[in-house]
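Written out below as structure tokens is the structure these notes cover.
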Amino acid sequence: MTSEAPAETRVQSEGYLLHLRDAATAGTERIGSKARSLTRLIEYGFTVPDGAVLTVDAFHAFLETNRITEENAHQQTEPATIPLPVVSVLEQITRSLGDGPFAVRSSAIAEDLPDASYAGQYETVLDVYGVDGLADAVRRCWLSAFNERVVSYRRQQGDSGVPPVAVIVQKLVRASASGVAFTVNPVNGDRNEVRISAVRGLGERLVSGEATPDEWVVQNGSATALATPEDALTSEQVHTIAGVAREIERVSGSPQDIEWAIQGDEVLLLQARPVTGLYRPVPIKPEITIPEGFWMRDAEHYPRPVSPMTRSFYLQQLADSITAALREFGVMIERIDAMSIGGYVYQRMVPPGGKEGGSPPAWLLGVLVRLLPSLRSATRRARDAERTRLGSRLINQWWGTWRAELFQRIEKRNGVELEALSDSELLRELDERLRLLEDGNRIHFRLMVPFMTAIASFAMFARETLGWDNRKSMDVLSGLSEMSTEPARRLAVFTAMVRTRPPLAHVLQETDDPARIREIDPEFAAAFDAYQRHFGLRSVGEDVIEPTLAERPELTLSLIRGKLKGTGDGEARSAEIGLRRDELISEARNRLASNPESLARFEQLLAEAQRVYPVREDNSFPTYQAPMGLVRYALLEIGRRLVARGEIARPDDIVFLELDEARFALDGRTELSGRIDRRKQEHAWALTNPGPLVLGPDPGPPPDVTYLPAEARKLMEVLNWFMELEFESLTRADEGIIYGSSASPGVYRGPVRIIRSESEFAKLRPGDVLVCPVTSPVWSVLFVNAGALVTDVGGLLSHPAIIAREYGIPAVVGTGDATAQLVDGQ
């Protein structure tokens, strides 16, 4: 039984109760997933029955009052006591909403999640009246956290501890019809369908199995009754429910399982949660043809299968750009080939003449470069490039014109309102973006050769004259690539803003909703929008299947929260990197002081390496990351139009088409039936079946270039040196030991966090050891919170190695299998 709560207890009850319409700022950790879902529906303008939520603070007070634990919960012999402050809250509810009837539901923080729904596990109580009735219903909801079915489900999910439970109290809807709607076929995963089940009256008849429901399917604007034993809905009502469901899916960003009720002419929403256990494409092995020649899998840039869209337009562009850059400088190759084999990107370097095989002896190669026209031409280009200082001129052109021109073109394309374009205009805009990407790639690889040459020349000289290993040479260049750290440095501005604004800090801890943040602090929101517009254009990977950072605002906000909690001092790290760099340079100058010629050569090579080193990361954003993001946006707009026409199920399904197929589909000139599903199935197979690192007979070691002309010999030595440091792997089979290359110095201890793709970015906590297959430049935003780095792939000059040195965090790269040997939390 309960009694009237004394006035003094009402002070203690502060924080125990929120009205649903006022709970938008409360996070899931305070009101639970179900209540948070309802507040979002209210924010988006959907109709939800009036109600309130008892926060998890009330749940904790209940447990503390009765000394309830998971171990003794089933040993209670008397009804658990409702704390007086909670009684006061229940009285407030009856004064606000009336004496009943109420629907009382649990809202645990572990419910209704994308990977665990806990559907039907917690308690729901209907037809509740008065304070005493509320007290009993709330008690039942709280104690359901200890039910055997909840505990069993929780253990199956790998959850430990008892997730806190909030409780929702709403006016009970006296519905003429109730039911559920799925915005995806839950059996076969077809996202073109909305599935609706309906019964007359309250939905409890459906949930309990008391009634056999009507079953409807809505597809391509047509509603079909599969069975109507209840005759609960008209066709018009079915269309209305399907439209509401689709709109909820749109604003939520994922397929939804929705509970609804009809009262009069109005559709009321009782619940919306992500569909869990959703159908996944059945993996189907694609037809795989192994081409002739020796192929290496590009695991650094493409650790996952490449999408059909990217495969259709990008790989040939990539190969042509690399070929043109290497030939311009006189590298002795016929061409670079790139293709998708079994879903993964492979490349090969075709030697002059087009035939692979063992390298000729050094003396014979020296003869051939004088006899064969193709080799004579290559050595002439190498000589001309060296004597005209082609590499230096290209670096100057980057800083002088190319960089600014690319940023201008990016800004212009990014300013185009895609939604306002006609179909033909949209295709022309897509062509402009593809042209920007192609131009950027050609510039990117033209800059790679002078980068390789400058870094290799310095490192080779330091090894010969100073005895330095490659890592020490890289330490001399660390801290110079400001573009790598610029996104993180800009995040520090947001951190400083938040620390001086307590209301904003409070909201950021509870929500990722940009609209709510904009309401609390318009200045911060405007700065955040500008950040996302500029840096958010970065594609997460080199594939249009990957989202941009702008599509993941919650990730950027989580990084800001991480910096608020982190203890790392970025400025101190930068100072340490600079000090280490200065110490090494002073050491070299002191050791070479007695040899003026060597000292002069050291100064010359150092100056060139320091000038060129930042270009590697500086050019990544404007040459291919931003253009790839722009291409993705145009493709998604095509996808949205095809969805509206009933051609495909989701806008991002567009990446499972090839470029010409997407063009023709927009023009209405092709039939897409079955293609997307088949390719999704092949993609699913590839995800769990990565191809071998090499295919075909190994041609053996690089040729001995001893007798080549000086310029050609230097170029080939540089290329071999760079390839070794870019892709080296030191994996060994010693059990329990992980081997790799020391890419950035230091010693660090912290919990492992394995991040295999951008979808897992939010897992990283401040101070974690980031363990991943590899990182692309855009992953640099994670380094603000990482304590150390371990990768499967890469060498001293790979992207993860360079970025780790820029951030001054210890790194081991090229381990081969760290993501398989280590586990989260280790």
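What to note about this one:
- Cross-link pairs beyond the 31 Å C-alpha cut-off, checked among 680/763; 34/285; 412/680: 34/285; 412/680
- These residues, 563, 355, go from largest to smallest accessible area, 1.4 Å probe, as 355, 563.
- Order of exposure, largest accessible area first, which applies to 680, 714 with probe 1.4 Å: 714, 680
- For residue 401, the solvent-accessible surface computed with a 1.4 Å probe is close to 60 Å², ligands and nucleic acids excluded.
- A simple spin-label model places the labels of residue 423 and residue 671 1.8 nm from each other, with each point 7 Å out along Cα-to-Cβ.
- Accessible area of residue 129 in the full protein assembly, 1.4 Å probe (Å², nearest 10): 120 Å²
- Compared with the dominant principal axis of the Cα atoms in the chain, helix 84-97 is inclined by about 80°.
- In the chain, the longest principal axis of the Cα atoms and the axis of helix 553-565 are about 90 degrees apart.
- Extension gain (nm, one decimal) between residue 820 and residue 67, 0.36 nm per residue minus Cα-Cα: 266.8 nm
- Between residue 176 and residue 282, the contour length at 0.36 nm per residue exceeds the Cα-Cα span by 34.2 nm.
- The stretch 346-462: relative contact order as a whole-number percent, Cα under 8 Å and 6+ apart: 26 percent
- Cα-based shape type of the stretch 573-623, given that a ≥ b ≥ c are square roots of the gyration tensor eigenvalues and the cut on a/c is 1.5: oblate
- Taking amide H atoms as placed 1.01 Å from N in the peptide plane, the amide H of residue 756 has no partner under 5 Å among residues 5 or more positions away or on other chains.
- Averaged per residue, the stretch 602-699 has 38 square angstrom of accessible surface, using a 1.4 angstrom probe with ligands and nucleic acids left out.
- Angle in degrees between helix 710-727 and the longest Cα principal axis of the chain, rounded to the nearest 10: 20 degrees
- Overall form of the stretch 420-512 per C-alpha gyration tensor (a/c, 1.5; a/b vs b/c): oblate
- Alpha-carbon Rg/Rh ratio, for the stretch 320-373, with Rh computed the Kirkwood way: 1.06
- In this rough spin-label picture, where each label sits 7 Å from Cα along the Cβ direction, the residue 463-residue 597 distance is 2.3 nm.
- Cα gyration tensor shape of the stretch 343-412, rounded if a/c is under 1.5, else prolate or oblate by comparing a/b with b/c: oblate
- Annotation for the stretch 358-392: trypsin sites (Lys or Arg not before Pro) lying in DSSP loop with at most 15 further Cβ atoms inside 10 Å of their Cβ are 389.
- Which of 310, 797, 378, positive extreme of dipole for the chain (C-beta unit charges): 378
- Heavy-atom accessible area, probed at 1.4 angstrom with all protein chains present, ranks 469, 698, 384 as 698, 469, 384, highest first.
- The lysines within cross-link reach of residue 355, meaning a Cα-to-Cα straight distance under 24 Å and a gap of 8 or more places when in the same chain, are 714.
- Between the beta carbons of residue 408 and residue 96, assuming R0 = 56 Å, the FRET efficiency works out to 0.45 to the nearest 0.05.
- Computed about its Cα centre, the charge dipole of the chain is approximately 2600 debye, with only Lys, Arg, Asp and Glu carrying charge at their Cβ.
- Ranked by the mean number of other Cβ atoms within 10 Å of their residues, highest first, the peptides 165-175, 458-468 fall in the order 165-175, 458-468.
- Rolling a 1.4 angstrom probe over the chain with all protein chains present gives an accessible area of which 50% lies on carbon and sulfur atoms.
- Using the Cβ-Cβ distance between residue 317 and residue 210 with R0 = 56 Å, the FRET efficiency computed as 1/(1 + (r/R0)^6) comes to roughly 0.35.
- Shown is the FRET efficiency for residue 506 and residue 376, computed with R0 = 60 Å from the Cβ-Cβ distance and rounded to the nearest 0.05: 0.25.
- Solvent-accessible surface (1.4 angstrom probe) belonging to residue 43, in square angstrom, nearest 10: 80 Å²
- Taken per residue, the accessible surface of the stretch 261-398 reaches 47 Å², heavy atoms only and a 1.4 Å probe.
- Gain upon complete extension [residue 611, residue 527; 0.36 nm per residue less C-alpha separation]: 27.1 nm
The values are calculated or read from the model by the stated rules, or taken from the named source; none is laboratory data. Predicted, not measured: the structure shown is a model, and the values here were computed from it. Reconstructed Cβ throughout: ideal geometry from the backbone, glycine too, with neighbour counts over all protein chains shown. The accessibility values were calculated without ligands, DNA or RNA, using every heavy atom of the protein model including side chains. Shrake-Rupley method; radii C 1.70, N 1.55, O 1.52, S 1.80 Å.
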